[in-house]
Amino acid sequence: MKKALAASLLALTFAMGGVAQAEPVKIGMITTLSGGGASLGVDARDGFMLAIEKAGNDEIEVVIEDDGQKPELAVQIADKMVQSDKVDLMTGIIWSNLAMAVVPSVTAQDVIYISPNAGPSALAGANCHPNYFNVAYQNDNFHEAMGEAANKDFKKTFIMAPNYPAGKDSLTGFKRYYKGELAGEIYTKLGQTDYAAEIAQIRASGADSVFIFLPGGMGVAFTKQFAQSGVDLPLMGPAFSFSQDILPAIGEAALGVKNSASWAPDLDNEANKAFVEAFRAKYDRLPSVYAAQGYDAANLILSAAEKADVADREAFRAALKEADFQSVRGKFKFNTNNHPIQDFYVREVVEKDGELTNTIVSTAFTDHGDAYAAECKM
């Protein structure tokens, strides 16, 4: 078992907020801090801990461990956190295959799980649970937004994603709203770094555009190889493929790429402006969508802790459901399945003040929920 990378106790009494907290809130964060997906977990952790630090709450304890992007390790850590560390809440998982390995067991043991990223369809519909909240999205959502946006410009798109739960949700989401023809649809190996064969298929497909969901190092590898291949087709994807954490590694090959998200650094609301400024001041870099979701996840927990004792699970769940916090996304509320209803945007990769970033160019959806909420019987 990898030992805890960080643990933090930070100061502000709930009595100062007018509500006495009977017991501290102990949070177990399992996230990816090593390997090819590390940048995603690092940003989620840093956004989460920034919110905790700003609140200064000595009734919040966070125990952080690295899952190494390995489901079996994540399960081991989760068992330890639930059985030995006695955590009240869990959060942090980035990858949907890890979420599927951990979340059902955790929630069944009356531990509340708050996802800052992974949103597999299996947990949004018939297998929803009162102890499971997703503060980020349901996996299909970003891809649905890009499918809708693609209709304006393209008629024959080649689509590609890794072969794991989020990859399947991705292409399902894109196809749900895209009305054009598919030039091809392929699933690649999770963690793949050589895309020569796939690029050859794209070249021969007759496509007028390419949609990819390749988060982390996969997106870096594909985008650079695609740019070098000479295949002159517009590239698009969800924010995960062109997130702030990987843009420096992709470089100029990302310029002009359109991608979809519920958030961007230039989203115009006071909570977001304060977040971007504080994140840059503390970490000396722009935040990514993973950092924004981590920050919101922490503020959701803090808002619930001001209203309810974590030992009273029913009251604490009700307080979480209210989502009484200032989201960096602006409007935010939970649907009946504890997944967000929110706006989604199309962003473009640009160079601003000497660094690559994303800027909003249009709105794809307003007050958009997910396709699985009706299947949830909570």
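The values are calculated or read from the model by the stated rules, or taken from the named source; none is laboratory data. Because the structure is a prediction, the values reported are computed rather than measured. As a convention, Cβ positions derive from the backbone with ideal geometry for all residues, glycine included, and neighbour counts pool all protein chains shown.
If a residue counts only when it is of a type outside the set (A, V, I, L, M, F, W, C) and surrounded by 21 or more Cβ atoms within 10 Å (Cβ to Cβ), which strands (runs of 3 or more DSSP E) contained entirely in the stretch 53-134 have at least 3 such residues?
So the answer is none; nothing clears 3.
Quick one: E72 ticks every box in (1) in contact with a helix residue (DSSP H, G or I) (Cβ under 9 Å, 6 or more places away or on another chain); (2) among the acidic types (D, E); (3) under 30 Å from E306 (Cβ atoms) except a single one, so which number is it?
If we test E72 against (1) in contact with a helix residue (DSSP H, G or I) (Cβ under 9 Å, 6 or more places away or on another chain); (2) among the acidic types (D, E); (3) under 30 Å from E306 (Cβ atoms), just (3) comes out false.
In the stretch 329-351, is there at least one residue being small (G, A, S) and touching a strand residue (DSSP E or B) at 6+ places or on another chain (Cβ under 8 Å)?
Kept after step one, since they are small (G, A, S), are these residues of the stretch 329-351: 330.
Among the residues that remain, those that are also touching a strand residue (DSSP E or B) at 6+ places or on another chain (Cβ under 8 Å) are: 330.
The answer is yes, given that some residue of the stretch 329-351 is small (G, A, S) and touching a strand residue (DSSP E or B) at 6+ places or on another chain (Cβ under 8 Å).
Residue-wise test of (1) assigned by TED's automatic domain parsing to the domain that holds S39; (2) modelled with pLDDT under 95.
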site: A99; (1), (2): yes, no
site: V103; (1), (2): yes, no
site: I114; (1), (2): yes, no
site: P130; (1), (2): yes, no
site: D153; (1), (2): no, no
site: A161; (1), (2): no, no
site: P165; (1), (2): no, yes
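Give me a count of the residues in the stretch 318-368 that are in contact (Cβ under 8 Å) with a residue 12 or more places away in the chain and not in a strand (DSSP E or B).
Step one: of the stretch 318-368, the residues in contact (Cβ under 8 Å) with a residue 12 or more places away in the chain are 319-332, 334-351, 355-368.
Filter once more, so that each one left must be not in a strand (DSSP E or B): 319-326, 328-329, 331-332, 335-339.
Residues that pass the stated criteria total 17.
What's the total number of residues in the stretch 211-247 that are assigned to a helix (DSSP H, G or I), out of contact with any Leu (no Cβ under 7 Å at 6 or more places or on another chain) and small (G, A, S)?
Result for the stretch 211-247: 6.
For F279, which of the numbered conditions (1) more than 21 Å from H368 (Cα to Cα); (2) among the aromatic types (F, W, Y); (3) part of a loop (DSSP other than H, G, I, E, B) fails to hold?
The one condition F279 does not meet is (3).
Based on this model, can you work out whether G206 counts as closer than 27 Å to G35 by Cβ and touching a residue at least 24 places away in the same chain (Cβ under 8 Å)?
On the way: closer than 27 Å to G35 by Cβ: no; touching a residue at least 24 places away in the same chain (Cβ under 8 Å): yes.
It is false that G206 is closer than 27 Å to G35 by Cβ and touching a residue at least 24 places away in the same chain (Cβ under 8 Å).
For the stretch 41-53, state whether one or more residues are without any contact (Cβ under 8 Å) to a residue 40 or more places away in the chain and farther than 26 Å from D309 by Cα.
No, every residue in the stretch 41-53 fails to be without any contact (Cβ under 8 Å) to a residue 40 or more places away in the chain and farther than 26 Å from D309 by Cα.
Can you confirm whether F174 is of a type in the set (F, W, Y) and surrounded by 24 or more Cβ atoms within 10 Å (Cβ to Cβ)?
On the way: of a type in the set (F, W, Y): yes; surrounded by 24 or more Cβ atoms within 10 Å (Cβ to Cβ): yes.
In short, yes.
A quick yes/no check of all residues on (1) of a type in the set (V, I, T); (2) within 16 Å of the chain's Cα centre (by Cα); (3) within 22 Å of D43 (Cα to Cα):
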| site | (1), (2), (3) |
| --- | --- |
| F275 | no, no, yes |
| R280 | no, no, yes |
| R285 | no, no, yes |
| V310 | yes, no, no |
| K333 | no, no, no |
| E351 | no, no, yes |
| T366 | yes, no, no |
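I need every pair where a residue in the stretch 178-203 that is touching a residue at least 12 places away in the same chain (Cβ under 8 Å) has its Cβ under 8 Å from the Cβ of a residue that is in a loop (DSSP other than H, G, I, E, B) and β-branched (V, I, T), sequence separation at least 6 or different chains.
Close Cβ pairs satisfying both conditions: I199/V231; I202/V231; R203/V231.
Conditions (1) touching a strand residue (DSSP E or B) at 6+ places or on another chain (Cβ under 7 Å); (2) in the same structural domain as P104 (by TED's automatic domain parsing); (3) surrounded by fewer than 18 Cβ atoms within 10 Å (Cβ to Cβ); (4) of a type in the set (D, E, K, R), marked per residue:
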| site | (1), (2), (3), (4) |
| --- | --- |
| A149 | yes, no, no, no |
| G180 | yes, no, yes, no |
| E185 | yes, no, yes, yes |
| D194 | no, no, yes, yes |
| E198 | yes, no, no, yes |
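Exactly one of (1) surrounded by fewer than 22 Cβ atoms within 10 Å (Cβ to Cβ); (2) out of contact with any Gly (no Cβ under 6 Å at 6 or more places or on another chain) is unmet by P265. Its number?
All conditions pass for P265, except number (1).
For the stretch 151-179, which residues satisfy the criterion of being more than 23 Å from P120 (Cα to Cα) and out of contact with any helix residue (DSSP H, G or I) (no Cβ under 7 Å at 6 or more places or on another chain)?
If the condition is that a residue be more than 23 Å from P120 (Cα to Cα) and out of contact with any helix residue (DSSP H, G or I) (no Cβ under 7 Å at 6 or more places or on another chain), then N151, K152, D153, F154, K155, K156, K179 are the ones that fit.
Considering each of V310, V289 in turn, give the residue that is buried (at least 22 other Cβ atoms within 10 Å of the Cβ) and under 16 Å from A264 (Cβ atoms).
Only one candidate qualifies: V289.
Report yes if some residue within the stretch 251-270 is closer than 29 Å to I114 by Cβ, in a helix (DSSP H, G or I) and not assigned by TED's automatic domain parsing to the domain that holds E348; otherwise report no.
Yes, the stretch 251-270 contains at least one residue that is closer than 29 Å to I114 by Cβ, in a helix (DSSP H, G or I) and not assigned by TED's automatic domain parsing to the domain that holds E348.
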